[in-house]
Amino acid sequence: EDDVYKYYSDGEWKKSSSGKAVSIVNPTTRKTQYKVQACTQEEVNKVMESAKSAQKAWAKTPLWKRAELLHKAAAILKEHKAPIAECLVKEIAKPAKDAVTEVVRSGDLVSYCAEEGVRILGEGKFLVSDSFPGNERTKYCLSSKIPLGVILAIPPFNYPVNLAVSKIGPALIAGNSLVLKPPTQGAVSCLHMVYCFHLAGFPKGLISCVTGKGSEIGDFLTMHPGVNCISFTGGDTGIAISKKAGMIPLQMELGGKDACIVLEDADLDLVAANVIKGGFSYSGQRCTAVKVILAMESIADALVEKVNAKVAKLTVGPPEDNCDITPVVSESSANFIEGLVMDAKQKGATFCQEYRREGNLIWPVLLDNVRPDMRIAWEEPFGPVLPVIRINSVEEGIHHCNASNFGLQGCIFTRDINKAILISDAMETGTVQINSAPARGPDHFPFQGLRDSGIGSQGITNSINMMTKIKSTVINLP
Ligand code: G3P
């Protein structure tokens, strides 16, 4: 029982009264690696209460002091990069080097939030009345940004630390309190990250971290009357949450099917390098991964050959060895990926590599001649499987991209910048990258998706603004 990690509530590490634990299975060994508390609804209520009262005091804490604490937390987080990265390796099979990068990037993100926050929250607006018809200059309006209250943050397994702090940093600098519900896989990494905030000395109750089964506390958390805003990153669950949530601001990022459109004049070596990085880093388990290549028929053979040469060089194995391709997060995920691959096989896709799987480890595979009747043309595998659809016109590519339920990012490879801009304008996605693979970072850039890819916009500045509300005071002169 003592090997169950405690959850964090009211500034203390606690055992759940449920007496139950949730097991975290290591994707590589497929054995239980860690256990976390299965928190109860009562414990969620307690966390909400302390989050509410801590927030009131925090909102009155001077902005520069809030920034100071965030800088401190960022530094501590970076000092703890090795043990946190080790958790990421064991819980989500992230290659060791990438795991360290995730933690360092998270520290930088928190510091940037502190800096950006003091700038944008340090400014308000002053308006006078006589610009609107019928008014004299007798009303002065002072407006500034105030916090929303309690923010519920739900990050996904693929960046448990980074996508938690991308919510925590903006929330705290803006004067909110924060309740974190980590993904089961990634929960211990999250608890360790929260421990860094604990060490920085934030007031008790301001940050809490409740672990447990989504089926027991998921809806209870997202529908809790104490929650004033939800920031969620993940899959379809986000759509369900948005339907059930109350009248509160939502920030959602729910995956994508990012297309890579390759024109005849593209630098094919550049494309191949970006397709490998974009399609196969962290074994394709990124919402911004390249998930379909739309290549002009005339250059498709040459491109496929170049990509294949690079696929052959990818190392496959355990995350501890820094392999490029590591086991996908769970057996059910591996089964889902396999389902997409088998569907494509049955419908006649060309396999550039033989399909191979051992446990949760799936060897990288490029599927050529994919057609729109195959599931892989539309669905998100979240694994090292990349389809190529050959197109005969740019319009065909744009059409495929816009017909998707997702609209996160997309990319275009061409040497003709005018063409690239026109195609970018025609692509209905939150971001279009010209001559590079899709990516969320740098983390102060706006990040958003259309359609089923999300609600609202993220990125440091947008998140800080989203987690505040305008408050005005009007001075009425006689
Ligand atoms: O899958 C999460 C999404 O936010 C991707 O982030 O940094 O891999 O582009 P990144």
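The values are calculated or read from the model by the stated rules, or taken from the named source; none is laboratory data. Remember, it's a predicted structure, so these values are computed and weren't measured experimentally. Glycine gets a Cβ as well: all are built from the backbone with ideal geometry, and neighbour counts include every protein chain shown. Heads up: the accessible areas ignore ligands, DNA and RNA and are worked out on the full protein's heavy atoms, side chains in. Shrake-Rupley method; radii C 1.70, N 1.55, O 1.52, S 1.80 Å.
Structure notes:
- Loop sites in region 44-152: GluC sites (Glu not before Pro), DSSP, at most 11 other Cβ within 10 Å: E123, E136
- Just so you know, the Cα atoms of the chain work out to an Rg and Dmax of 23.6, 82 Å.
- Proximal aspartates and glutamates relative to K78, as straight alpha-carbon distance under 18 Å, when same-chain residues fewer than 8 apart are discounted: E68, E86, D98, E102, D108, E115, D443
- For the chain, the antiparallel share of DSSP beta bridges with both residues in that region comes to about 45%.
- The distance separating the Cα centre of region 216-286 from that of region 317-368 comes to 21 Å.
- The label point for K60 and the one for F220, both projected 7 Å from the Cα toward the Cβ, are 3.2 nm apart.
- 26 Å Cα-Cα threshold exceeded, pairs from K31/K310; K6/K469; K65/K167; K6/K94; K56/K81: K31/K310; K6/K469; K56/K81
- Neighbour-limited loop hits for GluC sites (Glu not before Pro), region 212-271 (at most 15 other Cβ within 10 Å; DSSP other than H, G, I, E, B): E264
- Cα gyration tensor shape for region 272-330, rounded if a/c is under 1.5, else prolate or oblate: oblate
- With Cα atoms, 0 to 90° folded angle of helix 297-311 axis to the chain main axis: 80
- Fraction of accessible area attributable to carbon and sulfur, the chain (%, probe 1.4 Å): 53
- Ignoring lysines fewer than eight residues from K347 along the same chain, the ones with Cα atoms less than 19 angstrom from its Cα are K291.
- Area of M427 that stays accessible when all protein chains are in place (1.4 Å probe, Å², to 10): 10
- Over all Cα atoms in region 339-435, the spread is summed up by Rg and Dmax: 14.9, 47 Å.
- In this structure L142 has an accessible area near 80 Å², from a 1.4 Å probe over the protein heavy atoms.
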